[in-house]
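Each reported figure results from applying straightforward, stated rules to the coordinates on display, with no laboratory input. Because the structure is predicted, anything quoted here is derived from the model rather than measured.
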C-alpha cells in the first residue's frame, strides 16, 4: 500500500488537500488520523467536480459529492464520524464552483478538524457554595421536577 498523501497545514486545524488542475485524480490521504481514498472526477454533464470517498480497501463510503463552495461537504454525513469538514474555497474570494481548469489552483479543498470548545465552569449568580459538591448537586436535583 502506498503511504497517504501529505496535506499542507494552513493552521492547526485547517489542511489544504493537494489537487492538480485539469485532470481527474485519486489518492489516499489521512484525515484526522483515518486514511481514506479520495477520487475527484470531472462531471461533464453538470460541468462540476464530484468527489467519491472510499476506505483503504476501496469500499465506497460516499459517492458523487459535488464540490461546491459555501458549505461543509460532509455536514449531512455526520453519522460517518469523520470528525471534520471538507470545504471548497476560492483563493480569489468568489463563490464560483471550481472549474475543470482551476481546481487546485483557484478552487481549493480544505479539511477542517473539529475542535471542541473548552468547557469552562463559572459560578452561577446567586450560588454561594462554589464549586458545587456532590451533596449540593444531589440536593438541587431532588428539587427538579419532570414534565
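Okay, here's what the table says:
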| read-out | value |
| --- | --- |
| Length gained when the stretch residue 57-residue 24 is fully extended (0.36 nm per residue, less Cα-Cα span) | 9.9 nm |
| Over segment 8-113: Rg over Rh, Cα atoms, Kirkwood Rh | 0.93 |
